[in-house]
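The values are calculated or read from the model by the stated rules, or taken from the named source; none is laboratory data. This structure is a prediction, so every number in the text was calculated from the model and none was measured. For neighbour counting, all protein chains shown are included, and Cβ atoms are generated from backbone atoms with ideal geometry for every residue, glycine included.
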Amino acid sequence: MKISGQALVVALIFISIMVSTITALSAMRIMKRQAQHEQALVNDLHGLRLALIKRWWERDAHLPVMQWWQGSEIQDLIAVFPYSDIAFSLRPSPLALTTSFHHEDIAERVHEQLAQTSQEGVDVYLHFPQQLAQLSSALLRTGVHEDAPVQASFEFSDHDIKHVERAQIGELDAQEGDIANLLTTHLEASVFNTDTLSSGTIQGEELRNEQLSVNQITSTQTEFGVSNASQGVASEQVTSNKLEVMQLFARSTSHEQVEAGQVFVDSAVSLQGISGERLLELNEALVGLRNEIDHCIHVSLWCRPVEKPKLAFIECHQCEVTQTQNNFTATLTWSVRSCTHGCSLLLSSDQGTQLSCNKNRFLPREHGELICSVTGKFIDAGLYTPQVHVTLINEKADYLRVTGTRELSWEKEAIATACEDFSTSLQVMGSVPLLTIPFYVSVPATDRTYSRTVNGDNCRYSELPTYYMCSYTQYCDSQGSWQPPSTSCICYESGG
């Protein structure tokens with residue numbers, strides 16, 4: 001079969017048209033998928049920024065910017081981002097999420113579709129508002145145009161939707177919402193849960209709910225028949241038959257009954273009846289308590305911080321004695337200081353001695369000398385070294401104490417055996433005729449030494465007067481033996 005040249009040309013033209021059509025359709029499908037891909041990317045970037053903004057506001061205010069960015073919670077959000085060919089970093093100032101793409105044209109298209117962004121080459125900076133007031137409705141919309149729809153999912157609990165001038169929705173489940181004006185004729189809800197609901201005006205002819213859980217209500221004017229809140233109500237005017245709150249901040253309140261854990265009022269409060277009387281009683285009790293505290297701190301000093309007493313030794317009388325008597329007595333003197341809360345005494349001594357002092361305690365703020373007497377009785381001869389202990393104890397904190405210790409030295413001598421009395425005599429040398437002077441030797445009561453001197457005259461014949469003097473001294477030792485005597489007995493002339 002032969003095909004004419006004209007038919008062949010027509011066939012070639014038809015085939016070219018079909019190929020062009022198929023190519024165009026393929027290109028359109030590719031462009032559509034690319035547009036859908038970019039739209040999904042824009043939506044995901046928008047949601048990521050909102051999630052990061054929320055966590056930025058919820059962070060610890062003292063946490064450094066880069067430490068917050070490197071935290072596990074933030075890095076987990078970045079890790080699950082569905083586009084692995086995008087690199088993320090944080091620009092500290094001004095704060096922005098830096099998104100780095102492979103191609104500058106993609107970065108330019110993303111910048112055009114996201115509000116509050118800037119572009120430098122392949123980098124797109126998604127800016128963070130520093131305060132809640134800076135979070136505008138333009139940021140909440142994905143696009144930069146006034147009528148751009150919100151593409152980010154409202155179902156994400158990590159997203160904050162705030163400051164929307166107008167929103168028309170069939171169903172809204174949010175943890176926080178800020179609305180400039182909400183007008184409704186009839187609003188019914190089985191359960192309405194929100195952490196914070198802030199509105200300029202909420203007007204409704206009828207509001208019904210089976211359960212309303214609100215942590216805080218802030219309003220210029222709030223009127224309810226019965227209102228209940230768990231934490232706080234802040235309002236210019238509250239009119240209610242019954243108001244039960246944990247905290248109440250109000251300029252003017254009108255109600256029959258108020259039950260609140262804490263009430264803060266700017267102006268003076270005047271109470272009458274039993275409540276007023278009770279308030280006066282409480283005020284008097286507080287004044288009395290304040291006076292008692294003042295007395296405790298500045299007068300009695302009992303409320304002052306505790307301190308360790310001070311005990312300093314001054315002197316000891318008869319602390320080193322040697323005697324033959326059985327009874328010993330010594331007197332010790334200490335200086336006492338720093339008894340701000342009063343001091344009690346603890347006395348002790350050993351070796352059978354007895355210790356007593358002129359005081360048994362020091363009154364608060366009292367100071368002075370502590371004089372103690374220690375006595376002991378020792379029958380047997382020997383050296384005795386009893387120890388005396390005086391402990392000063394803080395009466396408010398008995399673990400604060402100080403002890404003074406002194407050691408005595410008492411020596412008891414043995415009573416010596418008495419020597420036997422005897423009689424003896426001395427001859428007067430040079431006497432004519434020879435004279436003999438008798439002596440009766442005995443141990444005296446006060447000393448163990450016998451000593452006597454005898455004087456006389458006319459011990460011999462002479463033209464001049466004559467005299468004699470005889471002395472006798474002898475010691476009796478502790479063994480009862482007389483030691484050799486010391487004697488002298490002579491006759492002499494006057495002037496000789």
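Here are a few things to note about the model shown:
- Any hit, the stretch 410-422, residues being outside the structural domain of LEU346 (by TED's automatic domain parsing) and touching an Asp or Glu at 6+ places or on another chain (Cβ under 6 Å): no
- Filtering the stretch 321-347 to residues that are under 18 Å from GLY404 (Cβ atoms), touching a residue at least 60 places away in the same chain (Cβ under 8 Å) and surrounded by fewer than 14 Cβ atoms within 10 Å (Cβ to Cβ) leaves nothing.
- Scanning the stretch 378-418 for residues that are exposed (fewer than 13 other Cβ atoms within 10 Å of the Cβ) and in a strand (DSSP E or B), we see that the one that is modelled with the lowest pLDDT is GLY382.
- Every condition in (1) within 60 Å of the chain's Cα centre (by Cα); (2) outside any strand (DSSP E or B) is met by PRO444 except one, and the failing one is (1).
- Scanning the stretch 325-349 for residues that are over 45 Å from the mean Cα position of the chain (by Cα) and not in a strand (DSSP E or B) returns GLN325, ASN326.
- Out of GLY404, GLY376, GLY382, one residue alone is under 16 Å from LYS359 (Cα atoms) and of a type outside the set (D, E, K, R). It is GLY404.
- On inspection, TYR468 passes the criterion of being of a type in the set (Phe, Trp, Tyr) and not assigned by TED's automatic domain parsing to the domain that holds SER335.
- Members of the stretch 14-59 found to be at pLDDT below 80, in contact with a helix residue (DSSP H, G or I) (Cβ under 8 Å, 6 or more places away or on another chain) and either farther than 26 Å from GLU104 by Cα or surrounded by fewer than 14 Cβ atoms within 10 Å (Cβ to Cβ) (or both), listed by number: TRP57
- Filtered by the rule that a residue be surrounded by fewer than 18 Cβ atoms within 10 Å (Cβ to Cβ) and assigned to a loop (DSSP other than H, G, I, E, B), the stretch 100-113 gives HIS102, HIS103.
- The stretch 475-489 - residue that is modelled with pLDDT of 95 or more and assigned to a strand (DSSP E or B) and, of those, farthest from ALA414 (Cα to Cα): CYS489
- Per-region count, the stretch 451-492, residues over 14 Å from SER425 (Cα atoms) and touching a Pro at 6+ places or on another chain (Cβ under 7 Å): 1
Listed here are the residues, each with its yes/no results for (1) outside the structural domain of ARG365 (by TED's automatic domain parsing); (2) in a helix (DSSP H, G or I); (3) of a type in the set (Gly, Ala, Ser).
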| site | (1), (2), (3) |
| --- | --- |
| ARG278 | yes, yes, no |
| GLU281 | yes, yes, no |
| GLU284 | yes, yes, no |
| GLY288 | yes, yes, yes |
| ASN291 | yes, yes, no |
| PRO305 | yes, no, no |
| CYS316 | no, no, no |
| VAL321 | no, no, no |
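- Test: residue in the stretch 363-375 that is in contact with a strand residue (DSSP E or B) (Cβ under 6 Å, 6 or more places away or on another chain), small (Gly, Ala, Ser) and in a loop (DSSP other than H, G, I, E, B): no
Conditions (1) assigned to a helix (DSSP H, G or I); (2) among the β-branched types (Val, Ile, Thr); (3) in contact with a Gly (Cβ under 9 Å, 6 or more places away or on another chain), marked per residue:
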site	(1), (2), (3)
HIS37	yes, no, no
ASN43	yes, no, no
TRP57	yes, no, no
GLN75	yes, no, no
SER84	no, no, no
LEU90	no, no, no
THR98	no, yes, no
ALA115	no, no, yes
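- Picking from residues in the stretch 438-482 that are closer than 23 Å to GLY495 by Cβ and among the hydrophobic types (A, V, I, L, M, F, W, C), the one that is surrounded by the most Cβ atoms within 10 Å (Cβ to Cβ) is CYS470.
- Residue in the stretch 78-100 that is farthest from THR117 (Cα to Cα), counting only those that are touching an Asp or Glu at 6+ places or on another chain (Cβ under 8 Å) and without any contact (Cβ under 8 Å) to a residue 40 or more places away in the chain: PRO82
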